[in-house]
Structure formats: structure tokens, C-alpha cells
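The values are calculated or read from the model by the stated rules, or taken from the named source; none is laboratory data. A quick note: this is a predicted structure, and the numbers were derived from the prediction, not measured. A quick note on method: Cβ atoms are made from the backbone with ideal geometry, for glycine too, and the neighbour counts reach across all protein chains shown. The accessibility values were calculated without ligands, DNA or RNA, using every heavy atom of the protein model including side chains. Shrake-Rupley method; radii C 1.70, N 1.55, O 1.52, S 1.80 Å.
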Amino acid sequence: MPNPYNGPEFKPGSVWLVGAGPGDPGLLTLLALHALEQADVVVYDALVDARILDLARPEAQRIFAGKRGGKPSPSQPDISDRLVRLAREDRRVLRLKGGDPCVFGRGGEEALALVAAGVPFRIVPGISAGIGGLAYAGIPVTHRDSNAAVTFVTGHNAAGEVPDGLDWAALARGSPVLVFYMALKHLGTIRDRLIAAGRKPDEPVAVVSKATTAQQRVVETTLAACVEDSARQGIEPPSMVVVGEVVRLRAGLDWLGAQAGRMLDPDPLALKHRRAAG
């Protein structure tokens, strides 16, 4: 079916930084699909689903520029330089990133490199895994009876280590729900720091692997047991980790599980409220 959206012109010599969403091609925006149908070259990340790449023009060149922890990967300056070179060849360059390009996706870095080189660009937002991926797991990032704030945190810095600039005490004390991206490798350190900063060891945690894809898996556990439970169930990256009472809502909102026969609880927070009242 042709894309009914008649979007803005994708001009030769420009770069569009486009979010591909968390995996499911159905979560692409119409503007992202519009870009795929016009691009001369697609420079894509490791987290972009192959079915999304299939939506690009058949004659479009596809260039892999993914980063995977512990494996040989192109450097960020190399990727930015390549975008500039391709645009200077008067091509329509689509930089396709998993999730949203500006949510832990280095989209801002690449855009600034384009600014420095005088290359026109557009940013096309995408559904971030920290929202869309958790929704597919039946976990809302906010809920009126649970939390009025949520904090998104990267699980590692540019060097691949746990970010050392985080105020763990402030995170633990100030945000009822924490969503960690790319956290599986350092989950033990993150858990220990959160507990040391005051989070309860029995606080609900969910680890969502390969969200929105056919390989999606979810482990419901506690902060104290999340590392061992994830390892026991063979959870692999990419994974999101959510800490907070919203995880309990999965008992009522696991719509994918319901399709497979799971009975949903219409009041998943009732036990918590009874305990609080007692």
C-alpha cells in the first residue's frame, strides 16, 4: 500500500536524522516512511529492524553503521564524517536510528557535525524504546495511582562504563520510576548503587529484552534479584530496565500476554494499597 502522506521534500545534499522506533515496523511515523521512500542512501544502526530497511527504495544504498558493545564498531567521528561526505555527493542521506535519534542516540552530536560542515538537516522524532518498548510489555511509564514523574537514564557512557556523573542519591530519592537504557551489562553495579542510595531491595523491576519484536521477553523481578533472574532466564541485549511500582501494573496491562491467554487483573495495585492502608 502506498504511503498516503505527502511530506516535505527530501532535497539532495541534505541529511535526515530519523527515528525508526523500538523495532516493530508498525511504530514508524509517516514522516519516517516518507523519508525511506525518497532516500538515496540509508545509514542505519544495529537496532534497526530488517523489515524497516525493506521499506527503503530498492535502489537505495544501505550502509551499516551500528555500534555493539564489545565488538568492532565505527567511531562516532567516522560516522559523522561519512554523513557529511555522502551529502556533499548531492545525495539524499537518511541516517536511521533505533528509537528516537535524540534519546541516547547521539543524534544531537551528528546534527552538530552537519551544522559545522554546512550540511542542511532535519530531525524526525521516533518512538523511544523507553516508552514504546515498555508499553508493549504492558508497563506504562506513568500512572495516576503510581507516579507523577519518570526519569530516563543511560546504562553506560561513551566509554561503555556506568556513568560516573550521576547523582545516585538524587535519582533514588527523587524519581519514583527509573527507566534504564543499555543497562544489562552493568545491571549489578546499577542495582547496588540504587540500593545503597536508599531504594528498597524488594522494589518491583522489569527487564524487557528485544522490545516490540517477535523475540520480546520480559522478566518481572525485584531490585535485589534482577541480575540473577535475568541471567537465569537468558535475557540478552538490547534490554530496557524499569524500576518502580508501575511494574506491578503489568498484571493488568500485559495485552500481548492476554492474546496468548493470560488472565489480566483489573486492579493490579490493590494489594499494594491494602498493604499501605494496613
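Observations, loosely collected:
- Residue match in the range 108-118 (condition: in a strand (DSSP E or B) and under 17 Å from the mean Cα position of the chain (by Cα)): no
- Within the range 167-181, considering residues that are touching a residue at least 24 places away in the same chain (Cβ under 8 Å), out of contact with any strand residue (DSSP E or B) (no Cβ under 6 Å at 6 or more places or on another chain) and among the aliphatic types (A, V, I, L, M), the one farthest from MET240 (Cα to Cα): ALA169
- Complete set of residues in the range 177-200 that are out of contact with any Asp or Glu (no Cβ under 8 Å at 6 or more places or on another chain) and not aliphatic (A, V, I, L, M): PHE180, TYR181, LYS185, GLY188, THR189, ARG191, ASP192, ARG193, GLY198, ARG199, LYS200
- Residue count for the range 189-224 satisfying the condition of being among the aliphatic types (A, V, I, L, M), in contact with a strand residue (DSSP E or B) (Cβ under 8 Å, 6 or more places away or on another chain) and assigned to a loop (DSSP other than H, G, I, E, B): 2.
- Scanning the range 9-45 for residues that are part of a loop (DSSP other than H, G, I, E, B) and open to solvent by 40 Å² or more (accessible area, probe 1.4 Å), we see that the one that is nearest to SER209 (Cα to Cα) is THR29.
Every residue, every condition in (1) at pLDDT below 95; (2) open to solvent by 20 Å² or more (accessible area, probe 1.4 Å); (3) acidic (Asp, Glu), yes or no:
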{"site": "TYR136", "(1), (2), (3)": "no, yes, no"}
{"site": "THR151", "(1), (2), (3)": "no, yes, no"}
{"site": "ASN157", "(1), (2), (3)": "yes, yes, no"}
{"site": "GLY165", "(1), (2), (3)": "yes, yes, no"}
{"site": "VAL179", "(1), (2), (3)": "no, no, no"}
{"site": "LEU194", "(1), (2), (3)": "no, no, no"}
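- Screening the candidates GLY234, GLY261, GLY244, GLY198 for the property of being exposed (fewer than 14 other Cβ atoms within 10 Å of the Cβ), of a type outside the set (Ser, Thr, Tyr) and within 15 Å of LEU178 (Cβ to Cβ) yields one hit, GLY198.
- Verdict on ARG95 being touching a residue at least 24 places away in the same chain (Cβ under 8 Å) and either in contact with a strand residue (DSSP E or B) (Cβ under 9 Å, 6 or more places away or on another chain) or surrounded by 13 or more Cβ atoms within 10 Å (Cβ to Cβ) (or both): yes
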